[in-house]
Structures are given as C-alpha cells and as structure tokens.
Amino acid sequence: PARELVPLVQGLGSPDPEVQAALQALQTWDYVLSVDSVAAAIFELWLPQVTSRVSDLVLPPEFRSVFGTLNRRVAMRYLQSPDSTFGPDPIAGRDALLLDALAAAVARIKTLRGPDMANWRWGDLHHMQYTHLLSPLVSAGTRALLDTGRLPKGGDGNTVHNTGFRSSDFRQTGGASYRQVVDVGNWDDSVALNSPGQSGDPTSPHYKDLFPLWADATFFPMAFSRQKVESVTEEVLRLQPARRAGP
C-alpha cells in the first residue's frame, strides 16, 4: 500500500512545518515497516485518514453508516485516476485531500507520542503483549507471572510476517503465533517460532522465554532425530504408575 500511496505526494509541499517534515519523511522512506521507522508510523496513521476522506467524497452518508469506508484498493483507484469527484481541478483536489489527511495523521501522532518526531517510531506504537484470561481475577504478583510484557513489532497486516493490529491502541491482533520451516532433506536443520513459550507453567523459565525471539522473527532450532533431541534435552520427567498391592 505504501508503494502505491506515497508516490502521489512526491513533489508536494506544505506551509505547515510539521506536515512538511512528515512529507519529507515519507518522500525519503524505503517502505520498510521497521520498529524504528518514523515514516512507517506516519504512514500507518495517514492511510486510514486518506481512505476515510475518499469515502466521504464517494459514498452518501447513509451508505457510510452501514458499510463504513471504501476498500483500500477501491480508494486507491480514485486517487490514482482522479476525476470530478475531487472538484473542478481533480489533481489539485486530490493533492489537497492527501495533505489534509496527513495533517490529521500528524495531529493524532502528536497526541499519542508528543511533538518530537524522534518519538514517532513505529515500534513505539505497534506492539504485542499477551494477557492471560485469568489476569483480571488474580493478584498483581500472579498477574506478572501470567502476562508478558510489551514488545515493539514491525510490519502490519499487509506485510510478510503478518502483524495486523487494532487501530485503537496498535496492539497486534493478527498473525501466526507458531511457524515452522522444515528441511525434509535434513530434518534436524528445521527451525520454528512459537510464542510466548513452550511451557504452560507460569513458574517455568520456558513459559514466555520465546516471546522476544518471536517478536523479532528469530527462529529457534527444531530437533527431530532422537540423537539431536537428546543432545539438547534439559530435563526429563518420568511418570511411574504406582504398583497396586496384591490380594
């Protein structure tokens, strides 16, 4: 989506210094939604503003109340081939809409992260954390065991390693909690991701130790053969049934 939308503002400028700074960030962006990218954060707040404004032009209010906004792809078609929908000068009308939407995005990100653009990194907004279903019912100490902390996440719902999020707080709500890459020529070369850990016991060191790896998209080795499994075995639990006494 960024590769479609951002080129439309190449060459545009704004008399508002904050909007101009946001424009420059977008115009020099590499389109990578990394956690430390300021342009990525600006884009993610700008895109829904753009889509909403195009929808206001195209859809009657009664349609908006039922169907919401246009599909992003449909909105982009209007933007890439502007017509009288944008006014008597379609190009000028479209450009004004894009700049107005960007001003709204800048205003929102200032509310969320303050006026300093150095604090507008995508990972400062976009994040993941796991909250246990029992957390609201237990003490603060137990809650700290059950829940994970908050970690920054890159990407979004349109990128490889899908990290779709909800717009209210930018918390990840989509994507895979488990992935594996299997080498069928050498099974022990296989790797996997899992989150937050491989133990269901909150007191285990392996309850949420995979969460940082998962957040960074770092795979861990997946042992298959008995020899490989035994070489990385940390603990063995044997359950021995009690013998019943004779008659």
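The values are calculated or read from the model by the stated rules, or taken from the named source; none is laboratory data. Given the structure is predicted, the values throughout are model-derived calculations rather than measurements. Neighbour counts run over all protein chains shown; Cβ positions are idealised from the backbone, glycine included. Areas reflect the complete protein model, heavy atoms only, side chains present, ligands, DNA and RNA absent. Shrake-Rupley method; radii C 1.70, N 1.55, O 1.52, S 1.80 Å.
Before moving on, here are some points about what is shown:
- For A217, the conditions (1) under 26 Å from T131 (Cα atoms); (2) among the hydrophobic types (A, V, I, L, M, F, W, C); (3) touching a Ser or Thr at 6+ places or on another chain (Cβ under 6 Å) are fulfilled apart from (3).
- The single residue among A103, A118 that is in contact (Cβ under 8 Å) with a residue 40 or more places away in the chain, over 20 Å from P7 (Cα atoms) and not charged (D, E, K, R) turns out to be A118.
- Extreme residue, farthest from S34 (Cα to Cα), among residues of segment 227-247 that are part of a helix (DSSP H, G or I) and of a type outside the set (S, T, N, Q): E230
- Entirely in segment 20-117, the helices (runs of 4 or more DSSP H) that have 1 or more residues that are buried (at least 20 other Cβ atoms within 10 Å of the Cβ) and more than 21 Å from the chain's Cα centre (by Cα): 38-58, 72-80, 90-113
- Checking A101, A105, A96 one by one, the residue that is in contact with a Leu (Cβ under 7 Å, 6 or more places away or on another chain), among the small types (G, A, S) and closer than 23 Å to P15 by Cβ is A105 and no other.
- Check on T159, assigned to a loop (DSSP other than H, G, I, E, B), surrounded by 13 or more Cβ atoms within 10 Å (Cβ to Cβ) and not hydrophobic (A, V, I, L, M, F, W, C): yes
- Residue that is farthest from E234 (Cα to Cα) [pool: residues in segment 186-206 that are of a type outside the set (G, A, S) and open to solvent by 50 Å² or more (accessible area, probe 1.4 Å)]: N186
- Residue pairs whose Cβ atoms lie under 7 Å apart, sitting 6 or more positions apart in sequence or on different chains, and linking a residue in segment 220-237 that is under 14 Å from D183 (Cβ atoms) to a partner that is part of a strand (DSSP E or B) and of a type in the set (V, I, T), are P221/V191; M222/V191.
- Residue count for segment 118-133, restricted to those that are of a type in the set (A, V, I, L, M, F, W, C) and loosely packed, with under 15 Cβ neighbours inside 10 Å: 2
- Residue check, V184 closer than 30 Å to G155 by Cα, assigned to a loop (DSSP other than H, G, I, E, B) and not hydroxyl-bearing (S, T, Y): yes
- The listed residue being of a type outside the set (S, T, Y) and closer than 30 Å to A39 by Cα, out of F211, F224: F211
- The number of residues in segment 207-247 that are open to solvent by less than 100 Å² (accessible area, probe 1.4 Å) and within 22 Å of the chain's Cα centre (by Cα) comes to 12.
- The combined condition, being closer than 30 Å to A75 by Cα, free of Cβ contacts under 8 Å to residues at least 60 places away in the same chain and open to solvent by 40 Å² or more (accessible area, probe 1.4 Å), is fulfilled by R166.
- Residue list for segment 181-201, filter: without any contact (Cβ under 8 Å) to a residue 60 or more places away in the chain, of a type outside the set (S, T, N, Q), under 20 Å from Q129 (Cα atoms) and touching a helix residue (DSSP H, G or I) at 6+ places or on another chain (Cβ under 8 Å): L193, G197
- Flag if P136 is open to solvent by 50 Å² or more (accessible area, probe 1.4 Å), in a loop (DSSP other than H, G, I, E, B), without any contact (Cβ under 8 Å) to a residue 12 or more places away in the chain and not charged (D, E, K, R): no
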